[in-house]
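Comments concern the structure below.
The values are calculated or read from the model by the stated rules, or taken from the named source; none is laboratory data. These numbers were taken from a predicted model, which means no experiment stands behind them. Methodologically, a virtual Cβ is constructed for each residue, glycine included, from the backbone with ideal geometry; neighbour enumeration extends over all protein chains shown. These accessible areas exclude ligands, DNA and RNA; they are computed on the full protein's heavy atoms, side chains included. Shrake-Rupley method; radii C 1.70, N 1.55, O 1.52, S 1.80 Å.
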Amino acid sequence: YCPGCHNRRPMPIPYELQLGWRYTRAGRATRRNGFISFISGVSMLGIALGVAALIIVLSVMNGFQKEVTDRMLGVISHIEITSRDGQALADIDAIAAAARKNKEVIGVAPFIASQALIARGEDMKGTLIRGIDPKLEPQVTDISMTAQKGALDKLVPGQFGVVLGIELARSLYVRDGDQVTLIAPGGQVTPAGVVPRLKQFTVVGTFDSGHYEYDSALAMIHEEDAQRVFRLDGPSGLRIKLKDLHQAREVADELAATLPGSFLIKDWTRQNKTWFAAVQVEKRMMFIILTLIVAVAAFNLVSTLVMTVTDKRADIAILRTLGASPKSIMAIFVVQGAMVGVIGTVLGLVLGLGVAYNIDVIVPAIEHALHTSFLPQDIYLISKMPSDPQQSDIMPIAIISLVLSFAATLYPSWRASRVNPAEALRYE
């Protein structure tokens, strides 16, 4: 209603909007009874499918990244604090207490990390040995959830038990109760030469993190057993878990500035920098490639509007003779193109989000109908199609679609505003 009118009459709708909407929903390709014209419908469908494809693909990529990250962080910690010389960390209790003062820290546990060889008969594998405290380890990783039940509790100091990654155990052909030989670097110097340090360990369990890199190369022993094997005076570092894993880099910088002494502090994003950089590049390239689909669909509006302008030359001439300005004529066709872009973008958002949020139901139904499996368990680590729609992806998609649609309307609308009434009505 018009706020300045006393009779409260409805405010009139600008005729540019009325005509733009009328041209959008009706044309000579269909009956003039309110149905969407065929050409406008094709343009809307193209934009909707492009937007939906972008949302679905980026959501699935986010889902895969989240699944791999969660499995990776089930083995590694959010932040690691170690000495710069690789030796035992001095005054580790004070460092742990200082780290716990940070409001983002929810768990701290000591560890020892070193490389070694594990042999079983003639089979020998290079491994990463991690000495842990079985009671504190669940505070910083989810390894207890992926290990065999009670496996970490069997790591008793002095009994020299070891928990192997499932793939490492398979490659060595060992099971619970079997003996393996750990060959530590830096052997003993004897009159006969350098003799490597050997120690027999008993396999007390395995873990399956779902990440091949760790399942095939990681072995865990008790922290005190690791000190004896590698001849250390204490833990070589601390592992820290945070409330929000995405704050790891900021918290690592804060700890580097507040903790007493000089340490090497690494967060999980820096430890796996190459992998995350590759994922981001792949995601960015997919966004660019799929945006071209939206661009093609959006610029299909150009042909739609050109045909509409050609079809409505007489109408444009009549409006001009009745006093309509070139600016008003241009606004009519901008409204038409914008309506197609807005409706197509909204439909694409609804379709894309509907599929992204229900992909765990849609994909199994397609697999059942086609009698196939898109992600076989014996080949891929993840057997179900994951999806994680994020607002940071959806908003740019909608904005880009609307901007491209609006840009596609400018040239045809400008051509319409340049129609000469006399020439247009000459043969009418």
### Estimated vicinal HN-Hα couplings, Hz - segment 145-158 in sequence order (Karplus 6.51, -1.76, 1.60; Gly, Pro = x)
7, 9, 7, 4, 4, x, 5, 5, 5, 7, 7, 9, x, x
#### Entry: For the chain: relative contact order, % (alpha-carbon pairs under 8 angstrom, 6 or more apart)
26
### Summary
Residue by residue through segment 58-67, the couplings from Karplus 6.51 cos²θ - 1.76 cosθ + 1.60 with θ = phi - 60°, in Hz, x for Gly and Pro, are 5, 5, 5, 5, 4, x, 5, 4, 5, 5
#### Entry: Accessible area of the chain divided out per residue, in Å², using a probe of 1.4 angstrom
54
### Task
DSSP loop (so not H, G, I, E, B), at most 10 other Cβ within 10 Å: list which GluC sites (Glu not before Pro) in segment 36-137 pass both filters.
Glu122
### Amide H partners (placed H, <5 Å) of Ser236, local residues excluded
Leu89, Phe111, Ile112, Ala113
### Query
Which lysines does Lys312 reach when only Cα atoms under 19 Å apart count, and residues fewer than 8 places away in its own chain are ignored?
Lys327
### Query
Whose amide H sits under 5 Å from the amide H of Leu218, counting only residues 5 or more places off or on another chain, with H placed in the peptide plane?
Leu128, Gly165
### Task
Measure off, as a whole percent, the carbon and sulfur share of the 1.4 Å-probe accessible area of the chain, all protein chains present.
59
### Query
Which distance in Å, rounded to a whole number, links the C-alpha centroids of segment 107-170 and segment 216-250?
11
### Query
In terms of solvent-accessible area of protein heavy atoms at a 1.4 angstrom probe, what is the ranking of Trp268, Trp275, highest value first?
Trp275, Trp268
### Query
Given springs between every Cα pair under 10 Å in a Gaussian network model of the chain, which of Ile55, Ile400, Ile318 has the largest fluctuation?
Ile318
### Summary
For segment 260-270, in residue order, the Karplus 3J(HN,Hα) values (coefficients 6.51, -1.76, 1.60; θ = phi - 60°; whole Hz; Gly and Pro = x) are x, x, 10, 10, 9, 10, 10, 9, 5, 6, 6
### Task
Average the reciprocal distances over every distinct pair of alpha-carbons in the chain, invert the result, and give the Kirkwood radius in Å.
27.1
### Query
In the structure displayed, which of Lys101/Lys135; Lys266/Lys384; Lys199/Lys384; Lys66/Lys149 lie more than 30 Å apart, Cα to Cα?
Lys266/Lys384; Lys199/Lys384
